[in-house]
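Structure, as structure tokens:
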Amino acid sequence: MAEREHGHRPPPTDTSIDSADWDGRELDREVHRRVLFSGVDMTEATDRGSVFDECVFRDVRFNVSVHEDARFAGCTFVRCSFFDATFRGCKLTGSMFDGCSYGLLKVEGGDWSFAGLPGADLRGSSFRDVRLREADLTGARLEGASLLRCDLSGAWLHGADLTRCDLRGSDLGGLDPLTTKIGGAIIDAAQATVVATALGLDVR
């Protein structure tokens with residue numbers, strides 16, 4: 001089980017939902033707190049404004065699901081699948097991801113600050129206008145992904161692979177080109193100055 005920053009364990013759950021079939025289900029402003037979801041199938045589910053606080057999702061399938069203005073605060077996701085899932089304007093602050101798969105994940109807007117995605121294989125995923133302040137992307141694989149206009153201030157990027165990643169418009173102030181792979185990454189002119197400065201170059 002992955003741990004949060006500074007070693008804090010996720011809170012205990014109070015109730016559980018096991019092996020439920022929520023395939024195609026419509027969730028409208030539902031509220032779940034400290035619930036363990038185990039083996040639940042949420043494929044093609046539609047979620048509008050629901051709240052999941054300090055919940056644990058284990059072996060849950062979020063494939064092709066759509067979540068709008070939902071909140072997953074302080075949640076833990078273990079071995080979950082997010083193939084072609086979409087999150088629009090959602091809040092996932094402080095949530096932790098452990099051993100999940102993310103093929104074609106799409107995130108549009110919202111706040112993922114302090115989220116833990118260490119070692120996540122996010123190749124081909126798309127993040128647009130997302131707040132990722134102090135998110136843990138240590139060792140994450142982002143080859144060919146998009147991180148457009150994202151707030152990455154304070155994000156942990158040590159050992160991350162940003163090869164061919166589209167980073168235009170994102171905050172790269174915390175990027176260390178010496179500990180992060182950035183070959184072929186797409187950046188704009190302002191970002192080029194930030195990277196050059198980080199490399200110790202004198203930009204005139």
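In the chain, a dipole from Cβ-located charges (positive for Lys and Arg, negative for Asp and Glu) runs towards its positive end, and of SER146, PRO11, GLY24 it is SER146 whose Cα lies farthest in that direction. For the chain, calculate the relative contact order in percent as a whole number, restricting contacts to Cα pairs under 8 Å that are 6 or more residues apart. Answer for the chain is 11 percent. Projecting the Cα atoms of ALA160, VAL66, VAL107 onto the charge dipole of the stretch 59-204 (Cβ charges, centred on the Cα centre) puts VAL66 farthest toward the positive pole.
Given a cut-off of 24 Å, what percent of all Cα-Cα pairs of the stretch 42-138 lie beyond it? Tail of P(r) above 24 Å: 5 percent of Cα pairs. Our helix-only sum for the chain, with -39,500 (n - 2.57) per DSSP H run of n ≥ 4 divided by its residues, gives a mean residue ellipticity at 222 nm of -1500 deg cm²/dmol. All other residues whose Cβ lies under 11 angstrom from that of ASP111 are scored, Lys and Arg at +1 and Asp and Glu at -1, for a net of +2. Within the chain, all pairs of alpha-carbon atoms sorted by distance into 5 Å bins from zero give the percentages 2, 8, 15, 22, 19, 14, 9, 6, 3, 2, 1, 0, 0. With respect to the chain, whose longest principal axis is taken over its alpha-carbon atoms, helix 189-198 is tilted by about 80°. Summing Cβ point charges (Lys, Arg +1; Asp, Glu -1) relative to the Cα centre of the chain gives a dipole of roughly 400 debye.
Hey, got the dipole for the stretch 112-199? About the Cα centre, +1 on K and R Cβ, -1 on D and E Cβ, debye to the nearest 20?
In total the dipole reaches around 160 debye.
With the convex hull constructed from alpha-carbon coordinates only, the stretch 112-199 shows a mean projected area of 4.4 nm² over all directions.
Between the stretch 11-48 and the stretch 119-138, the C-alpha centres lie 23 angstrom from each other.
The numbers here are math on the coordinates, done by the rules we state, and not lab data. Predicted, not measured: the structure shown is a model, and the values here were computed from it. FYI the Cβ positions are ideal-geometry reconstructions off the backbone, even for glycines, and counts take in every protein chain you see.
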